[in-house]
Amino acid sequence: MNKKFHQQSLSERLKSLELQANLSPEDLLAYQYEGGLDAETANAMVENVVGLYSLPLGIAQNFVINDREVLIPMVIEEPSVIAGVSFMAKLARAGGGFKAGITSQQMIGQLQVLDLSDLQAAADQVLAQAGQLLQELEEFQPNLVRRGGGPIDIETHIFNETAAGAMLIVHLIVDVKDAMGANLVNSMLEYLAPKIEALTGGRVHLRILSNLADRRLAWARSHFPCQRLAFDDYTGEQVRDGIIEAWAFADADPYRAATHNKGVMNGVDAVVLATGNDWRAIEAGAHAYAARSGQYRSLTTWSVAENGDLLGSIELPMAVGVVGGATRVHPTARANLKLLGVETAAELGSIIASVGLAQNLAALRALATEGIQKGHMNLHARQVALAAGATPEQVEAIAAQLVAEDKIQLSRAQELVAQWNGNNND
Ligand code: MEV
């Protein structure tokens, strides 16, 4: 019988990827020590480079998103996350998989206009000229327009009382297509700034993209068949209802919501990072969006479907790109995009939202039943066994014994390794 992906050795997994995904030998090399990012490329990416810093890259299994099977690369140092999403994706698959999408590719850029005596008159001036300004911006970015994107709209917002007095904020809305969009939007804002000064008589201070990308939301939802949630002594109904109770806690209490959303971001960030995208931008957008009502809340919702299934959904800002930046420069990010089979930022955003939802469910299912320490302890025991010198063949058995003895300690692991080696030498 074929071994499952998680039961395979590192080299067997690479072989499986080669067979399952359309990856070239160069792509596969990007996953190995001798491949991936090299120091010279790194030196061209940021300043004062002295070396590279590695993190584990694993492949989440079982995902069906918009009726397509997807292998999902995840870069993360925390154990249990990749196993957790893979298991939840298996449950989702039984309910038809994830449905996911994005609302638009529109990003918001902001200009801060100061030293105005009549803010409303300045805002009216800007809005009266918006059509002309948008046309000039289109001429400034012909390539983006050719790709089907470009400037969409100009809005104004007045803040009468701030620590620096009254200010007019001009929003430039740009369809950035498959780019993350920061460079595009920031250069358009810098182009626009002197024109806004001339129109209003004010002084433009900041010219910068907003990370609260609330026009560029990614969403995902899935049905999880109730009976599939059952395990050990827990019935499907108990697990389902426990998950909804856990979610209600996060929806009501910001202290819990912060941790709940941290779990969502365990999944989201790992894919954002694997594809060379800016995970700080995604983090900032997610948390600002979670607080949009004035109270910080859950990014997900959980309820009971008419047929008794567990129904989950997520919505969060998703400023990711598949062109430009590290997505194309970093060889492993390039290979990961190929593995995902995505051509557009919309497809990538849909996948990331699905992984965030799956990871939230993995955490809630554990928290609402046996607690999260059991799963963590199994993985922790493996790390202790490795640290004690266990070979790859010995790790599972020694870790299992450490857990069974409830003694996950380095000294005990070293005794077990010594015993094992002694027995095998007899
Ligand atoms: C740990 O990295 C994430 C969790 O704390 C998330 C949660 O509490 O929902 C388990």
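Values computed for the structure shown
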| quantity | calculated |
| --- | --- |
| Selection from the stretch 331-382 of residues that are among the β-branched types (Val, Ile, Thr), more than 22 Å from Ala220 (Cβ to Cβ) and within 16 Å of the ligand (Cβ to nearest atom) | Thr369, Ile372 |
| Selection count, the stretch 13-46, where residues are surrounded by 12 or more Cβ atoms within 10 Å (Cβ to Cβ) and not in a loop (DSSP other than H, G, I, E, B) | 14 |
| Residue check, Thr200 hydroxyl-bearing (Ser, Thr, Tyr) and surrounded by fewer than 16 Cβ atoms within 10 Å (Cβ to Cβ) | no |
| Odd one out for Glu396 among (1) touching an Asp or Glu at 6+ places or on another chain (Cβ under 8 Å); (2) open to solvent by 100 Å² or more (accessible area, probe 1.4 Å) | (1) |
| Val49 being assigned to a strand (DSSP E or B) and more than 30 Å from Ala397 (Cα to Cα) | no |
| Residue among Arg292, Arg365 that alone is over 11 Å from the mean Cα position of the chain (by Cα) and surrounded by 24 or more Cβ atoms within 10 Å (Cβ to Cβ) | Arg365 |
| Matching residues, the stretch 13-61, being under 26 Å from Ser80 (Cβ atoms), touching a residue at least 60 places away in the same chain (Cβ under 8 Å) and not hydrophobic (A, V, I, L, M, F, W, C) | Tyr31, Gly36 |
| Among the candidates Leu17, Leu10, residue that is farther than 30 Å from Gly95 by Cβ and not assigned by TED's automatic domain parsing to the domain that holds Gln383 | Leu10 |
| Residues of the stretch 247-274 satisfying the condition of being open to solvent by 20 Å² or more (accessible area, probe 1.4 Å), among the small types (Gly, Ala, Ser) and either within 12 Å of the ligand (Cβ to nearest atom) or within 19 Å of Met74 (Cβ to Cβ) (or both) | Ala258 |
| Boolean, Val70 is among the hydrophobic types (A, V, I, L, M, F, W, C), touching an Asp or Glu at 6+ places or on another chain (Cβ under 7 Å) and either crowded, with 17+ Cβ neighbours inside 10 Å or over 14 Å from Ala358 (Cα atoms) (or both) | no |
| Tabulated pairs, the stretch 293-306, first not assigned by TED's automatic domain parsing to the domain that holds Ala353, second at pLDDT 95 or above and part of a strand (DSSP E or B), C-beta under 8 angstrom, 6+ apart or interchain | none |
| Looking only at the stretch 402-426, and only at residues there that are assigned to a helix (DSSP H, G or I) and among the charged types (D, E, K, R), the one that is most open to solvent (accessible area, probe 1.4 Å) | Glu415 |
| Close pairs from the stretch 66-87: first outside the structural domain of Ala333 (by TED's automatic domain parsing), partner part of a strand (DSSP E or B) and away from the ligand (no atom under 12 Å from the Cβ), Cβ under 7 Å, at least 6 apart | none |
| Residue in the stretch 345-353 that is outside the structural domain of Arg412 (by TED's automatic domain parsing), modelled with pLDDT under 95 and closer than 17 Å to Ala270 by Cβ present | no |
| Residue within the stretch 100-114 that is under 30 Å from Ala305 (Cβ atoms) and outside any strand (DSSP E or B) present | yes |
| Only listed residue being modelled with pLDDT of 90 or more and under 22 Å from the mean Cα position of the chain (by Cα), chosen from Glu40, Glu78, Glu47 | Glu78 |
| Among residues of the stretch 275-302, those that are part of a helix (DSSP H, G or I) and within 16 Å of the ligand (Cβ to nearest atom), counted | 5 |
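The values are calculated or read from the model by the stated rules, or taken from the named source; none is laboratory data. Note that the structure is a prediction, hence the values are computed from the model and not measured. Note: ideal-geometry Cβ built from the backbone for every residue, glycine included; neighbour counts use all protein chains shown. SASA here: full protein model, heavy atoms, side chains in, ligands and nucleic acids out. Shrake-Rupley method; radii C 1.70, N 1.55, O 1.52, S 1.80 Å.
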